[in-house]
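Remarks on the structure that follows.
Every number here is computed from the coordinates shown, using simple stated rules; none is lab data. Just so you know, these numbers come straight off a predicted model, no measurement behind them. Every residue, glycine as well, gets a Cβ built from its backbone with ideal geometry; the counts of neighbours run over all protein chains shown.
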Amino acid sequence: MIIMEKTATIEQINDVIDEVISFGLKVDVSQGEIRTVIGIIGDERRISFADLALMPGVKEAIPVEKSYRFIGSDFNATSRRIVKVRDAQIGGSEPVIIAGPCAVESKEQIFRIAKEVQTAGAHILRGGIFKPRTSVYSFQGLGSKGESEARKALEWLRDAGHQYGMPVVTEVRGESHAELIAEYADILQIGSRNMYNQDLLSRVGKIGKPVLLKRHFGASIEDFLSYAEYIAAEGNRDIILCERGILPVSKGNSYARYILDLEAIPIIQRETYLPVIVDPSHAAGRNDLIFDMSCASIAAGANGLMIESHYNPRESFVDAKQAITPDALKDIITGVGEINKIATKYRQE
Ligand code: PEP
Ligand code: MN
């Protein structure tokens, strides 16, 4: 990575770029308000950083040892990323709330939930159409019934969200569905189980729509960020990182599905400039913990929440135990709004 002086001229910047290219490498130029940062793509051992550092206009030339650089906080010369999707913003001053069912089940179900979560204060609608399931005999989502069923469900999700002013997010479970889903969804979700699927990450990175990447339940933070880099390396920086609980280290936690890693929130915000949200639903696996874990996440600085919600949680085809009602969602949204104000105030002082 080459950090230019604030006063560097266009000619000096171009000279540095030409020098890097002359070694058979590529560049990714980030033009901040204050300074320009030039990222090197390719095997940087081919180039001498000491020589680059001596070029006019160069402030610093640093080999990046970390496996993530385009998403690293050093790379963004100006500020934190705000991912803008239709009228919603992820990473701004207000926590964003993504809500909806685990799975889209029918047209009536998704339209009713969309209306109720929007009234409760949600900003973005979620709903799985291709569901990752442990058992091949469980409901796999409407998408698994063939392309025409998948398109129908995608249309319902998109129309339900947009009718109530919400962008929509749904999971891309496999490469073969990536483009199909991108025709309808505003945000492409990569589920926990696919966090390590580098081909899928590159594929959604290339599509260019915002990507919501969930941490694998066994992944270290470093692994999580290293794999997020696969999306960024395709030139796509609209990445939302989602903490959703990790596996316990010892015998297990028989009281909850996973352990919510709250420390991951400020750590990732220090390491990167990307927004970080929390999914307390899959972490807890039970509806009575969602309020507390949502509050804790926002207090820890999360930029938003993704919560499974259903008008009749017990009727949910999938993950019924963790779904909450739109009324409960409303209480959470009110509560975390207050917590965010206090946390922001003290964090700034
Ligand atoms: C989901 O959000 O629908 C989901 C399946 O979650 P995860 O990938 O975190 O298990
Ligand atoms: Mn679920």
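What to note about this one:
- Backbone geometry of the range 122-138 corresponds, through the Karplus equation with coefficients 6.51, -1.76 and 1.60 at θ = phi - 60°, to 3J(HN,Hα) couplings of 5, 9, 9, 9, 10, x, x, 10, 10, 8, x, 10, 5, 9, 5, 8, 7 Hz, x marking Gly and Pro.
- Residue-wise HN-Hα coupling along the range 35-50, computed from phi with Karplus coefficients 6.51, -1.76, 1.60 (Hz; x: Gly, Pro): 8, 9, 10, 10, x, 9, 10, x, 7, 6, 5, 6, 10, 9, 6, 5
- Of the peptides 130-137, 188-195, 281-288, the ranking by mean beta-carbon count within 10 Å, highest at the top, reads 188-195, 281-288, 130-137.
- Highest average packing first - 165-176, 217-228, 44-55, Cβ atoms within 10 Å: 165-176, 217-228, 44-55
- Integer Hz, Karplus 6.51/-1.76/1.60 couplings in order for the range 295-310, x for Gly and Pro: 4, 4, 5, 5, 4, 7, x, 4, 8, x, 9, 10, 10, 7, 9, 8
- Environment charge of Ala8, counting only residues whose C-beta is closer than 15 Å and scoring Lys/Arg +1, Asp/Glu -1: -4
- Computed from Cα positions, the angle between helix 147-163 and the longest principal axis of the chain comes to roughly 90 degrees.
- Residues with amide H under 5 Å from that of Gln189, placed H, sequence gap 5 or more: Thr170, Glu171, Val172, Leu212
- For the range 152-192 versus the range 303-325, the inter-centroid distance based on Cα atoms is 18 Å.
- For the chain, the share of DSSP beta bridges that are antiparallel, to the nearest 5, is 40%.
- For the pair Tyr255 and Met55, a Förster radius of 41 Å applied to the C-beta separation gives a FRET efficiency near 0.10, rounded to the nearest 0.05.
- Projecting the Cα atoms of Leu289, Ile47, Ile124 onto the charge dipole of the chain, computed from C-beta unit charges around the Cα centre, puts Leu289 farthest toward the positive end.
- Using the average count of surrounding beta-carbon atoms within 10 Å as a protection proxy, the listed peptides 292-303, 1-12 rank, highest first, as 292-303, 1-12.
- Gain on full stretching of the segment that runs from Lys66 to Ser135 - 0.36 nm per residue minus C-alpha separation: 21.1 nm
- Magnitude of the charge dipole, the chain, Cβ model with Lys/Arg +1 and Asp/Glu -1, debye to 20: 840
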